[in-house]
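Comments concern the structure below.
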Amino acid sequence: MAAQEYLQPALAGLDPAVDGIDPALPLYATTFVVVDLETTGGAPDGGGITEIGAVKVRGGEQLGVLATLVNPGVPIPPFITVLTGITQAMLLPAPPIEQVLPSFLEFVSDAVLVAHNAPYDVGFLKAACAKHGYRWPNPKVLDTAALARRVLLRDEVPNRKLGTLAAYFRAATQPTHRALDDARATVDVLHGLIGRLGGHRVDTIGDAIEYSRAVTPTQRRKRHLADGLPRSPGVYIFRAADDRPLYVGTSRDIATRVRSYFTAAEKRARISEMLAAAERVEAVECAHSLEAEVRELRLIGAHAPPYNRRSKFPERVLWLKLTDGPYPRLSVVREISPGDRAYLGPFTSRRAAELAAAGFHDAVPLRQCTHRLSLRTVTPACALAELGRCPAPCEHRITPEEYDARAVAPFATATIGDPQPVVDALLARIETLSAGQRYEEAAVLRSRLAAVLRAAVRMQRLAALSTIAELAAARPAAGGGWELALVRHGRLAGAGVSPPGVHPRPTLAVIRATAETVPPGHGPVPAASPEESERILSWLERPETRLVEMSAGWASPVAGAARFRDLLSKAESAASHQLWSERS
């Protein structure tokens with residue numbers, strides 16, 4: 001019979017409208033559509049399907065059946081007729097696949113698709129949708145063949161063929177190489193496998209799909225570490241047997257994120273090594289994502305977990321500052337003090353600090369020698385003076401006042417205000433080198449210009465925030481209400497969420513009363529790590545964030561480094577393109 005059969009009895013209250021399938025949905029409450037195809041045996045090119053059989057089940061009860069022959073529009077190979085019993089005469093009156101797809105796609109909506117050797121069946125269905133202009137709904141897919149390989153031992157079944165598994169689980173319908181019979185047999189195999197999953201602590205659809213994938217024995221053995229974790233924003237800490245933190249991470253949903261470490265998607269070698277050493281996972285719930293990110297940075301900085309690569313040593317920052325005494329020079333230091341004349345930073349590496357220093361040396365006549373100069377004693381000049389690259393203060397060819405005006409002042413102004421003179425000098429040199437076709441030297445200067453601007457923009461942004469004694473801000477929460485943050489001198493001092501429908505002022509008052517006391521300090525990051533202040537800045541600068549209260553104005557210099565952001569982006573983009581070209 002070529003006519004399409006479509007039966008789906010309605011069960012009141014069991015088909016709530018949902019957007020997608022929640023991975024935490026229990027298996028007994030999950031709607032499955034078990035599908036099987038018969039084909040002409042070719043590659044999935046949008047055609048070739050000769051029969052579709054699908055059975056919809058939930059909680060062990062059948063909800064609907066879809067079964068139809070499909071006219072593939074091409075002759076049926078003889079061996080397919082022998083295998084399936086489907087003849088050319090049976091398919092001539094059958095509808096083509098483009099007429100069957102709408103009913104099938106409606107049938108599988110809001111359900112998990114199940115098939116034996118699912119990539120084969122799904123490949124044909126996706127190709128047919130693409131060829132005939134239907135959107136593939138991209139459902140969650142569970143492969144009973146892959147699941148059987150994880151659940152059943154070789155001692156139990158010699159192979160994972162559908163006929164073997166149907167016999168093992170005593171399926172009511174045995175496979176016959178006809179789509180509906182094979183789909184019904186797969187239903188019984190699915191139920192048998194689900195029964196075995198309970199012993200492996202797999203009871204949700206998300207866990208079942210991940211369990212069917214290729215995970216390591218360590219991941220399978222340690223997956224219980226994700227049990228009982230909260231589904232809320234916060235920080236998670238993998239700890240060793242001696243309670244040592246091994247790895248610290250953050251997520252908007254702690255439980256879901258930690259579970260992902262025990263799935264096939266996690267392939268990092270260092271994480272596999274970490275999981276082998278982990279004995280428990282500790283969760284620290286936070287009010288919102290900003291508090292979680294800040295707590296993660298502080299925990300990593302405090303404990304330096306061996307499997308975290310970034311943010312481990314926040315105290316290891318460098319600064320580029322002018323030395324004391326007559327004729328100052330640039331020096332890379334680890335700390336700055338209130339008495340320092342001018343400085344730039346913080347830098348995360350010595351290379352970055354030295355690159356910015358080289359940029360200033362190219363733009364202004366700062367001396368580069370390390371001698372301690374005296375206003376009374378003359379010191380022999382170096383080669384840079386003979387080349388015209390240094391005004392030779394060592395030989396007193398320039399007065400301290402002239403040196404300050406020509407060399408010191410441009411550096412000091414560029415760090416806290418307008419870097420225009422430095423930028424103009426570097427751009428002029430780049431243009432001269434380019435005109436002389438000295439492109440490699442021009443590229444070096446471009447990198448130095450980018451280093452100067454990057455550091456100046458960063459320092460001025462951080463300083464603008466850290467000078468504010470207290471700042472309160474709010475951002476709409478996903479579930480209603482407001483995410484609240486209290487920032488003092490660039491450090492997150494308090495956080496909370498006001499309930500939906502309630503004015504946030506009382507919640508903000510509680511946060512302020514219990515917030516951390518943060519004293520002022522020196523420099524652009526006196527009270528927090530640069531990364532923490534930058535995370536706060538990123539949160540504050542989002543369009544949806546509202547500034548509620550501030551103890552002082554939040555402002556940056558009108559003629560500051562930020563106005564060169566476009567130039568910095570172009571310089572960085574050109575450097576990235578050059579690096580890519582060299583590696584290619």
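The values are calculated or read from the model by the stated rules, or taken from the named source; none is laboratory data. Bear in mind that the values here come from a model prediction, so they are computed numbers and not experimental data. Glycine gets a Cβ as well: all are built from the backbone with ideal geometry, and neighbour counts include every protein chain shown. Heavy atoms of the whole protein, side chains included, go into the accessibility calculation; ligands, DNA and RNA do not. Shrake-Rupley method; radii C 1.70, N 1.55, O 1.52, S 1.80 Å.
Only one of Asp207, Asp182 is of a type in the set (Asp, Glu) and modelled with pLDDT under 95; which? Just a single option satisfies the conditions, and that option is Asp207. Whether any residue in segment 509-519 is closer than 30 Å to Ala455 by Cβ and surrounded by fewer than 15 Cβ atoms within 10 Å (Cβ to Cβ) is what I want to check. Yes, the conditions are met somewhere in segment 509-519. Checked against the criterion of being at negative phi, of a type in the set (Gly, Ala, Ser), modelled with pLDDT of 90 or more and surrounded by 15 or more Cβ atoms within 10 Å (Cβ to Cβ), segment 535-558 has no qualifying residue. Within segment 121-131, at least one residue is without any contact (Cβ under 8 Å) to a residue 60 or more places away in the chain, open to solvent by 10 Å² or more (accessible area, probe 1.4 Å) and assigned to a helix (DSSP H, G or I).
Number of residues in segment 499-526 that are assigned to a loop (DSSP other than H, G, I, E, B) and either touching a Phe, Trp or Tyr at 6+ places or on another chain (Cβ under 6 Å) or more than 16 Å from Glu291 (Cα to Cα) (or both): the value is 16. Taken over segment 208-226, the criterion of being over 23 Å from the mean Cα position of the chain (by Cα) and over 26 Å from Leu113 (Cα atoms) is satisfied by Pro217, Thr218, Arg221, Lys222, His224. Taking segment 301-314 as the range and being open to solvent by 30 Å² or more (accessible area, probe 1.4 Å), touching a Gly at 6+ places or on another chain (Cβ under 9 Å) and touching a residue at least 24 places away in the same chain (Cβ under 8 Å) as the test, only Pro314 passes. Only one of the listed residues (Ile237, Ile209) is buried (at least 16 other Cβ atoms within 10 Å of the Cβ) and assigned to a strand (DSSP E or B). That residue is Ile237. Pairs only if they're at least six apart or on different chains, beta carbon under 6 angstrom, first in segment 416-434 and closer than 28 Å to Thr467 by Cβ, second open to solvent by less than 50 Å² (accessible area, probe 1.4 Å) and not aliphatic (A, V, I, L, M); list them, first residue then second. Taking only residues 6 or more apart or on different chains, the pairs are Pro421/Pro410; Val422/Pro410. The combined condition, being surrounded by 17 or more Cβ atoms within 10 Å (Cβ to Cβ) and either at pLDDT below 95 or in contact with a His (Cβ under 6 Å, 6 or more places away or on another chain) (or both), is fulfilled by Thr263.
If you check Pro44, Pro23, Pro93, Pro16 for being at pLDDT 90 or above, assigned to a loop (DSSP other than H, G, I, E, B) and open to solvent by 30 Å² or more (accessible area, probe 1.4 Å), only one passes: Pro93. Scanning segment 342-363 for residues that are within 17 Å of Thr323 (Cβ to Cβ), in contact with a helix residue (DSSP H, G or I) (Cβ under 7 Å, 6 or more places away or on another chain) and open to solvent by less than 10 Å² (accessible area, probe 1.4 Å) gives Ala342, Leu344, Gly345, Ala356, Phe360.
Output the number of residues of segment 145-170 satisfying the condition of being open to solvent by less than 50 Å² (accessible area, probe 1.4 Å) and within 31 Å of the chain's Cα centre (by Cα). Number of matching residues: 2. Within segment 42-83, the residues that satisfy the criterion of being over 23 Å from Leu105 (Cα atoms) and in contact with a helix residue (DSSP H, G or I) (Cβ under 9 Å, 6 or more places away or on another chain) are Pro75, Ile76, Thr81.
If you check Arg329, Arg298, Arg280, Arg268 for being modelled with pLDDT of 95 or more, farther than 29 Å from Arg491 by Cβ and either crowded, with 17+ Cβ neighbours inside 10 Å or not β-branched (Val, Ile, Thr) (or both), only one passes: Arg280. Outside any loop (DSSP other than H, G, I, E, B), under 30 Å from Gly41 (Cβ atoms) and either touching a residue at least 12 places away in the same chain (Cβ under 8 Å) or under 37 Å from the mean Cα position of the chain (by Cα) (or both): does that describe Thr173? Taking the combined requirement at face value, the residue does not satisfy it. Of all the listed residues (Val57, Val82), the sole one being out of contact with any Cys (no Cβ under 6 Å at 6 or more places or on another chain), open to solvent by 40 Å² or more (accessible area, probe 1.4 Å) and on the phi < 0 side of the Ramachandran plot is Val82.
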